[in-house]
Amino acid sequence: MNNGDTHVLLIEDNPGDADLVRLRLVEGDSAVSVSCVNRLEDGLASMTKQPPSVVLLDLNLPDSHGADTFRKVLEKAPGIPVVILSGQDDEVLAMKALHQGVQDYLVKGDITSHHLERVMRYAIERQALIRSLEMSRKQQLEFKNQFLSHVSHELRTPLTCIHQFVTILLDGLAGEVNTEQRYHLGTVLNSVNQLRAMIHDLLEATRAESGKIRIEPRCINIADLIQQAISMMAFTAKEKRVGLEVGLDTRIPFVYADPDRVLQVLINLIDNGIKFTPPDGSVMVKACMVEADPNMIYLSVSDTGRGIEPEAKTLIFERLYQDPNSIDNSRAGLGLGLFIAKELVELHGGRIWVASEIGNGSTFSFTLPLYSLPKLLFPLITHEGQLRDAVVLLTIELTPVSSTPRGNWKEICRQSLETLRRCVYLDKDLVLPVMGIVGTSETFFVAASTDVERATIMMNRIRGQLEAGAGFKGAGALKISATAVTLPSGEDARPLEDRVHAVADRITEMAMKALASKPSPGAANGDVSAATNKAEAN
Amino acid sequence: MEKPKILIVDDDPDLRRALKIRLRANHYDTVQASDGYSAISVAQKEKPSLIILDLGLPAGDGFVVLQRLQDSDALSSIPVIVLTARDPQSNEHKTLQAGATAFFQKPADNNELLDVIRATLPNAWPGTGAPS
């Protein structure tokens, strides 16, 4: 490859054929260097070590045969042109090879040096063209994303002005407004809000497409989240005289997901449900466990609308899909909602689908992973097949002072969590996934393989690090405590896994209790309290 | 008691006018600046209690203004609320790091914005915040 030389990697096990090809290559005019290996494995290794300009490949090698051979080579280095030199004139195989990305298929007996030289030159050129096409496709995609992001930014400026002056009029800041005027202004405000939601979706879909959406999973109570979604949509439902119902399994385990994103998906599905349900119909939100899939929770939103055509069931999750039979076509939206919902669910490792029958409504279902503490705890609280001697649960509670804005507070919590993760020993302690929805105060838990006495040192370290953190001073109060976790006794004959489960259950119970007993917002204003240190009796 | 003074920095005159009406109705005085350069000079002259700052500005964008406020002994303690059309995902963190108190994307909810202003000016007239 140096000095513009063509470096050929010949993968060929027959010494006679190899010599012949080498001879043909050297006979040509251009500067060519050839390395020859006789096993595929050596060929693949050589491709990594020194990427050749082109690979000449025999298909039947001691360690690989037929289509497998070129598949493995293409997989190893998709950017390097491959020319097959085969003993057989097999048109079907040749076509298959070309479709998968091989540049040419030559039959050994037909090769002249002039011919081979040209084939290689063209193969290299074609591969370079493909690469530049791929590059420009990527650039175009990037350009499109930048364009959309720019457009949605520019649209917001005039929209803000409309929003401001409509609310000024509605709030009577420019004089008295009569009932009819108020009604009309209300319609304008509704449209402004729709436009705002569309601009938001546009940017969100662009982000989803380019893989730029990040999720921050926590341990959450899905019932709370459903309730929150229901209350956010209650007004819209009431306005359209559509009932909103909830059906929850009696025992729903904690879910490991990003609450903001799950809420977004729920709102999206409920909003759709209401949109496509006639007055006096209803929308039902359910959460349940399914025996066949014990690691996921199943959520669904059903409506009593007119249902979806069978052929639309997969299209419906595509970008820009709009129901062609929609009753109120003028307000159909951009057709991005379900696309975004699908992306968000899949980012969590779940899936989303729809079941529907014309005339009998639709049910959109999606799954989310459950929160499994035992799996996370196992390597930390066991040692050589035994439970460790002591486990302590540290509770670290951050409470904002009243003037700390929510956006800022979220950021402080995020930074504090990162600091906390740096304060613990990765092989013996575990910062539990954060629980609950981001509220006024934030509580982190650490399960530490130590006793309460030694935990004090750890608490001091954590306190020092957190208080030194940027932005925390003056913005919040910090409270740290340590409680011993009751471990199954030495005589407990249950298998280790069951005992770890028991510890995990105990920790979850303790954490829940700590969260439930949190002081009401505002009560813990101001002063930084001292570390408390307590141990439970049993 | 004197009304708290809020400096509105935005290059859109219509939006400045709208914010002025909204803030006056809530018993705040306002002063205005239309670019990054005059934002600093008006702040120095008027000593506002709070600044509402756009990010996309001529003559020094919002980040430059934040930096210059932070660098000035006289101005670094004035709380700044960023109000911008830009995307929170790539800007919220950056503005808070740069010293802003809060971030709002346009169009912002009036009540949320006023809540944060009230919380940021706890001793302000008409005495909505808690005494510290």
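The values are calculated or read from the model by the stated rules, or taken from the named source; none is laboratory data. The shown structure was predicted, so the numbers you read here are calculated from the model rather than taken from an experiment. Cβ: placed from backbone, ideal geometry, glycine included. Neighbour counts: every protein chain shown. Surface areas here come from the heavy atoms of the whole protein model, side chains and all, with no ligands, DNA or RNA. Shrake-Rupley method; radii C 1.70, N 1.55, O 1.52, S 1.80 Å.
Some observations on this one:
- B:SER41-A:THR187 FRET efficiency (beta carbon distance; Förster radius 56 Å; 0.05 resolution): 0.85
- Estimated purely from DSSP H runs of n ≥ 4, each contributing -39500 (n - 2.57), the mean residue ellipticity at 222 nm for chain A is -15500 deg cm²/dmol once divided by its residues.
- Test item: A:293-302 mean partner chain Cβ contacts at 10 Å: 0
- Distance in nm between pseudo-label sites at B:ASP29 and A:ASP89 (7 Å out along the Cβ direction from Cα): 9.7 nm
- Nearest 10 degrees, 0 to 90: helix A:66-76 Cα axis against chain A principal axis: 60 degrees
- Between segment B:1-66 and segment A:192-268, the C-alpha centres lie 35 angstrom from each other.
- Of all DSSP-defined beta bridges confined to the protein assembly as shown, some 55% are antiparallel rather than parallel.
- With 0.36 nm allotted per residue and the present C-alpha distance subtracted, the A:LEU320-A:LYS144 stretch has 61.8 nm of extension available.
- Kirkwood's formula applied to the C-alpha pairs of segment A:17-169 gives a hydrodynamic radius of 18.6 angstrom.
- Averaged over peptide A:159-166, the number of partner chain Cβ atoms lying within 10 Å of each residue's Cβ comes to 6.
- Of the listed residues A:ILE220, A:ILE124, the order by accessible area with a 1.4 Å probe, largest first, is A:ILE124, A:ILE220.
- Using R0 = 41 Å, the C-beta based FRET efficiency linking A:ASN460 and A:ALA292 works out to 0.25.
- Projecting label points 7 angstrom from Cα along Cα→Cβ for A:GLU245 and A:GLU509 puts them 3.6 nm apart.
- Nitroxide proxy distance, nm - points 7 Å out along Cα→Cβ at A:LYS238 and B:ASP14: 3.4 nm
- In order along segment A:286-294, phi translates into HN-Hα couplings of 10, 9, 8, 9, 10, 4, 6, 9, x Hz, rounded to whole numbers, per the Karplus curve 6.51 cos²θ - 1.76 cosθ + 1.60 with θ = phi - 60° and x for Gly and Pro.
- In this structure the amide hydrogen of A:LEU244, modeled in the peptide plane, comes within under 5 Å of the amide hydrogens of A:VAL283, none closer than 5 places in sequence on its chain.
- The three principal axes of the C-alpha atoms in segment A:244-298 carry coordinate ranges of 37, 23, 17 Å, sorted with the longest axis first.
- ³J(HN,Hα) computed for each position of segment B:43-59 - Karplus, 6.51 cos²θ - 1.76 cosθ + 1.60, integer Hz, glycine/proline x: 4, 5, 6, 8, 6, x, 7, 7, 10, 9, 10, 7, 8, x, 10, x, 6
- Short-range pairs are left out: with C-alpha atoms under 8 Å and at least six residues apart, the relative contact order of chain A is 9 percent.
- Accessible area (Å², per residue) of the protein assembly as shown, counting only protein heavy atoms and a probe of 1.4 Å: 51 Å²
- With Cα atoms, 0 to 90° folded angle of helix A:15-27 axis to chain A main axis: 80 degrees
- A Förster distance of 60 Å, applied to the separation of the beta-carbon atoms of A:ASP498 and A:ALA197, puts the FRET efficiency at 0.75.
- Reduced Cα scattering model of chain A, Debye log10 I(q)/I(0), q = 0.07, 0.10, 0.12 Å⁻¹: -0.68, -1.03, -1.13
- Cross-link table A:LYS212/A:LYS513; A:LYS138/A:LYS342; A:LYS286/A:LYS479; A:LYS96/A:LYS342; A:LYS144/A:LYS410, entries beyond 27 Å C-alpha to C-alpha: A:LYS212/A:LYS513; A:LYS286/A:LYS479; A:LYS96/A:LYS342; A:LYS144/A:LYS410
- Among the residues of B:101-111, the average count of other protein chain beta-carbon atoms within 10 Å of the residue beta-carbon is 5.
- Buried area at the B-A interface (accessible, heavy atoms, 1.4 Å probe, summed, Å²): 2300 Å²
- Sequence-distant residues sharing a close amide H with A:PHE254 (under 5 Å, placed H): A:TYR371
- Counting only heavy atoms of the protein chains and using a 1.4 Å probe, A:TYR122 has close to 110 Å² of accessible surface.
- Taking θ as phi - 60° and the Karplus parameters 6.51, -1.76 and 1.60, the scalar couplings of segment A:355-368 work out to 10, 7, 9, 4, x, 10, x, 10, 10, 9, 10, 8, 10, 9 Hz in sequence order, x denoting glycine and proline.
- Distance cut-off 22 Å, percentage of C-alpha pairs in chain B lying past it: 29 percent
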